[in-house]
1. Tell me which aspartates and glutamates have Cα within less than 14 Å of K45's Cα, excluding those fewer than 8 residues away on the same chain?
2. Which whole-percent values make up P(r) of the chain when all C-alpha to C-alpha distances are grouped in 5 Å steps starting at zero?
3. For region 14-31, take each phi angle, set θ = phi - 60°, evaluate the Karplus expression 6.51 cos²θ - 1.76 cosθ + 1.60, and give the result in whole Hz per residue in order, putting x for glycine and proline.
4. Describe numerically, in nm with one decimal, the distance between label points set 7 Å from Cα along Cα→Cβ at E43 and at K22.
5. Please arrange R48, R78 by counting, for each residue, the other beta carbons lying within 10 Å of its beta carbon, fewest first.
6. Treating the beta-carbon of each Lys and Arg as +1 and of each Asp and Glu as -1, no other charges, what is the dipole magnitude of region 1-49 about its Cα centre, to the nearest 20 debye?
7. Report, ordered by chain and residue number, the lysines lying within cross-link reach of K22, taken as a straight Cα distance under 16 Å and ignoring same-chain residues fewer than 8 apart.
8. Multiply the residue separation of L74 and T5 by 0.36 nm, subtract the distance between their alpha-carbon atoms, and state the gained length in nm to one decimal.
Amino acid sequence: MNPDTAVKMMEALAGHLQEMDKGFLRELVVAFQIIAENYSGEEQKVVRSIADGYYLEEALAADGPVKLAELEALRDARD
């Protein structure tokens, strides 16, 4: 796949994910953690990081400045 096309697809997916119902997003975040258990090593890390990479927790906390600040602090600590 062309790298530019892949990036465009990922950006489009990110936009669609952030617009979804918050209840569904919460289920999706949990689902990635459950699915990750079926993998090991690097693959498990990749699956676990999907929700983080698409900022799904931040989308869920958009109405809560305290939660957003906590998530930002956690993200900064990891980086």
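All of the numbers you see were taken from the coordinates with simple rules; none came from a lab. Nothing here was measured: the structure is a model prediction, and the numbers come from that model. Virtual Cβ from ideal backbone geometry, glycine too; neighbours counted across all protein chains shown.
1. E37
2. Once binned at 5 Å, the Cα pair distances of the chain give 3, 14, 19, 21, 23, 15, 4, 1, 0.
3. Here the 3J(HN,Hα) series is 4, x, 5, 4, 5, 8, 6, 4, 5, x, 5, 4, 4, 4, 5, 4, 5, 4 Hz.
4. Modelled inter-label distance: 3.5 nm.
5. R78, R48
6. The dipole magnitude comes to about 100 debye.
7. Candidates past the 8-residue exclusion: K67.
8. So the extension gain works out to 21.7 nm.
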